[in-house]
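Participant: Questions regarding the structure given below will be posed in turn.
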Amino acid sequence: MPMTAALLAFVAKVLSGSTVRWIDSQPDTCQRVYFANHTSHLDALLIWASLPPHVRALARPVAAKDYWERGAIRRHLATIFHALLIDRTEIKVHQSPVDLMIREVGTTHSLIVFPEGGRNTETEMGEFKSGLYYLGKKRPDIEMIPVYIDNLNRVLPRGEFLPVPLLSCITFGPAMWLEHQEPKADFLQRARENVRRLKDL
Amino acid sequence: MLLDVPAEILLGILLAILAIAYFAGQALRRQPQSVVNPAIVDTFLYRIRAWWLLYAVLGASFLIPYGRLATVILFGILSFWALREFITLTPTRLGDHRALFWVFFVFTPAQYILVALGQQYFETYSILIPVYGFLFVPTRVALAGDSRRFLERTAKIQAGLLICVYALSHAPALLDLQLIKDGEKWRGGSAGMLLFFLLVVQFGDLSQFLWGKLIGKRVIAPAINSSKTWEGFVASVLTTTLLGGLFWPVTPFNLLEAACMSLVIAVMGFAGSMTMSAIKRDRGVRDYGTLVQGHVGILDRMDSICFAAPVFFHLTRLFFSAA
């Protein structure tokens, strides 16, 4: 079954009734890391779908290998949205996810990451893992865009495979960078706060 | 035949009035900001556009072959969207997910398929949601094993299904009534009935707003809706009754009957918008539209239609139908 990226993006947007907002930032093809709160397996797909087509073509969502490689349909979908699949169960020392990401983005692509690690079932966002910090440290030139995903966990909650078509909202915030000599904990806290405050805007 | 000559004329006049209002709004928009508030003009233009679109799509679906089916599908989509807004607004828990899936993908389509099949399924579509849906929802939620706020959660899903799907489905069901006039089969087009109904509901909403602004003093329930006043309510019911009576040529009613029906529709429309205001206020939002930024609030436009449709349908069926 041939299915184009545009069609997949359209279906994803209709199904999740998503509204897209850009606050103090604009869609751009420059290299970026979009980092968002993680509430549903649809997150990566939907952020990708919310980007305008020419930006979308350069974006690579980082997603869980164990979920997106199960079954032929998911595998096929993952190739359409150019997912960068990360093995969560087996993290090698010399092949850390951050190294893999840096290698894969090269000098043109952007990334969509979920620094909380696993999906969060609580209402409050989890603490950010340090991967985002190392990304910023190794590639200080890449813009970091906070993204807040609202209500998508109700569209497809954990452990469910049938989506319920409620309305969700995706908010892109202003770019941030790792400051010179900024401590890891401070940076991660600041990044998390930048995502959280988009909820109330 | 869905559309007869009087109904065509009415639809034509309506689209023309809306178009004129739209261009008048555009002209106002070009005025300096000191003369008119641009936000109000934008809201006005937006509403006019939404109405124009609704009647244009409706008119188009009356004209094409299988027009009744097209109208049923149109209302099915509206129901689906309204339910989406209703459930998004309502806090549900993880345990409700499967029940919601059934509500969206089984009960909603099934209701509209039965309505599309026509009057011989009247008894089935009249009880599908109030009986089977009503019993199914709590069962499915109970099977999910989460007892917290059980009654509240199931009641919310049931209310959403009843208001957004069951009640609204009576509007396209109007098209398949076997109408009689003076003891004989009515020869007019059934689209006139739906047009009559929608016009009267919307005129009721509009006149209530205008009368409320002009002469409204005593607010009925300030905690629920600060723009609904006793003066506005009474004046709008009276004007809607008079104007609705004048629409009698598109219906099997005579002038007096059309006026009485308009009275009932105006009161039910008021009931619908009050009830939905109460739900919105309870959830702390002003409009379903602002619930998700930049999203169109279909439920804001449909609330009065939802409440008036089943009552108008059943009164018509009881007094003016051969079935």
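Values quoted throughout were computed directly from the atomic coordinates according to the rules given, and no laboratory measurement underlies them. None of the values given here were measured: they were computed from a predicted structure. Reconstructed Cβ throughout: ideal geometry from the backbone, glycine too, with neighbour counts over all protein chains shown.
Participant: Distance in nm between label sites at A:Ala6 and A:Ser25, each 7 Å beyond Cα in the beta-carbon direction?
Facilitator: Placing both labels 7 Å along Cα→Cβ, they lie 2.7 nm apart.
Participant: Take the Cα atoms of the protein assembly as shown, find their three principal axes, and give me the spread along each one in whole Å, biggest first.
Facilitator: 89, 58, 44 Å, listed from the longest principal axis down.
Participant: A further question follows. Just tell me which lysines come within less than 29 Å, Cα to Cα, of B:Lys228; anything on the same chain fewer than 8 places away is out.
Facilitator: In chain and number order, the partners are B:Lys156, B:Lys213, B:Lys217, B:Lys280.
Participant: What is the Cα centroid distance between region B:181-206 and region B:37-95, reported in whole angstrom?
Facilitator: Between the Cα centre of region B:181-206 and that of region B:37-95, the gap is 20 Å.
Participant: In addition: Would you mind calculating the gained length between B:Leu238 and B:Ser226 on full extension (0.36 nm times residue separation, minus the Cα-Cα distance), in nm to one decimal?
Facilitator: Taking B:Leu238 through B:Ser226 to full extension adds about 2.2 nm, to one decimal.
Participant: Continuing with this model, one more query. Within straight cross-link reach of A:Lys13, meaning Cα distance under 14 Å, which aspartates and glutamates are found once same-chain residues fewer than 8 apart are removed?
Facilitator: A:Asp43, A:Asp150
Participant: Where Lys and Arg each count +1 and Asp and Glu each count -1, what net charge lies around B:Pro91 among other residues with Cβ under 10 Å from its Cβ? Kindly include the intermediate steps, with their values, before the conclusion.
Facilitator: Details: positive: A:Arg154, B:Arg93, B:Arg149, B:Arg153, B:Lys156, B:Arg283; negative: B:Asp96, B:Glu152.
After counting each charged neighbour, the total is +4.
Participant: Check A:Asp87: other-chain or 5+ apart residues with amide H under 5 Å from its amide H, H built from backbone geometry?
Facilitator: The answer is A:Lys65.
Participant: Right, next: Take the Cα of B:Asp282, step 7 Å along the line toward its Cβ, and report every residue of region B:190-229 whose backbone nitrogen sits under 18 Å from that point.
Facilitator: In region B:190-229, the label zone of B:Asp282 (backbone N under 18 Å from the point 7 Å along Cα→Cβ) covers B:221-226.
Participant: Choose one answer from B:Gln208, B:Gln178, B:Gln33: the residue with the largest mean-square fluctuation in a GNM of chain B with alpha-carbon springs under 10 Å.
Facilitator: B:Gln33
Participant: According to a simple spin-label model (label point 7 Å from Cα along Cα-to-Cβ), what is the distance in nm between B:Ala27 and B:Val57?
Facilitator: Label at B:Val57, label at B:Ala27, 3.0 nm between them.
Participant: Can you tell me, using C-alpha contacts under 8 Å and at least 6 residues apart, the relative contact order of region B:177-323 as a whole percent?
Facilitator: 27
Participant: Collect residues whose amide H, placed 1.01 Å from N in the peptide plane, falls under 5 Å from the amide H of A:Arg60; neighbours closer than 5 in sequence don't count.
Facilitator: Result for A:Arg60 returns A:Ser110, A:Leu111, A:Ile112.
Participant: If contacts are Cα pairs under 8 angstrom and at least 6 residues apart, what is the relative contact order of chain B in percent?
Facilitator: Result for chain B is 19 percent.
Participant: I want to check the label-to-label distance for B:Leu255 and B:Val5. Put each point 7 Å from Cα in the C-beta direction and report it in nm to one decimal.
Facilitator: Simple spin-label model gives 2.1 nm for this pair.
Participant: Just subtract the alpha-carbon distance of A:Arg70 and A:Leu100 from 0.36 nm times their residue separation and send over the number in nm, one decimal.
Facilitator: 8.7 nm
Participant: For the protein assembly as shown, with only Lys/Arg (+1) and Asp/Glu (-1) charged at the beta-carbon, what is the dipole magnitude about the Cα centre, in debye rounded to 20?
Facilitator: The calculated dipole for the protein assembly as shown is roughly 440 debye.
Participant: Here's another thing I want to ask about it. Whole number please: convex hull volume per residue of the Cα set in chain A, in Å³?
Facilitator: 121
Participant: Among A:His41, A:His109, A:His54, determine the one that fluctuates most according to a GNM of chain A built with springs between C-alpha atoms less than 10 Å apart.
Facilitator: A:His54
Participant: Can you find, among B:Met193, B:Leu15, A:Met125, the residue farthest towards the positive end of the dipole of the protein assembly as shown? Put +1 on the C-beta of Lys and Arg, -1 on that of Asp and Glu.
Facilitator: Result: A:Met125.
Participant: Now a separate question. Leaving out same-chain residues fewer than 8 places away, which lysines sit with a Cα under 28 Å from that of A:Lys138?
Facilitator: Straight-distance partners of A:Lys138: A:Lys65, A:Lys92, A:Lys129, A:Lys184.
Participant: Based on Cα positions only, what radius of gyration and what Dmax would you give for chain B, in angstroms?
Facilitator: 20.2, 61
Participant: If you build the Cα gyration tensor of region B:177-323 and take the root of 5 times each eigenvalue, what three semi-axes come out, in whole angstrom, biggest first?
Facilitator: The three semi-axes for region B:177-323 are 31, 17, 12 Å.
Participant: Set the Förster distance to 22 Å, then compute FRET efficiency between B:Lys181 and B:Thr124 from the Cβ-Cβ distance, nearest 0.05.
Facilitator: 0.20
Participant: Distance between the C-alpha centers of region B:1-30 and region A:166-201? Whole Å please.
Facilitator: With region B:1-30 and region A:166-201 each reduced to a Cα centre, they are spaced 49 Å.
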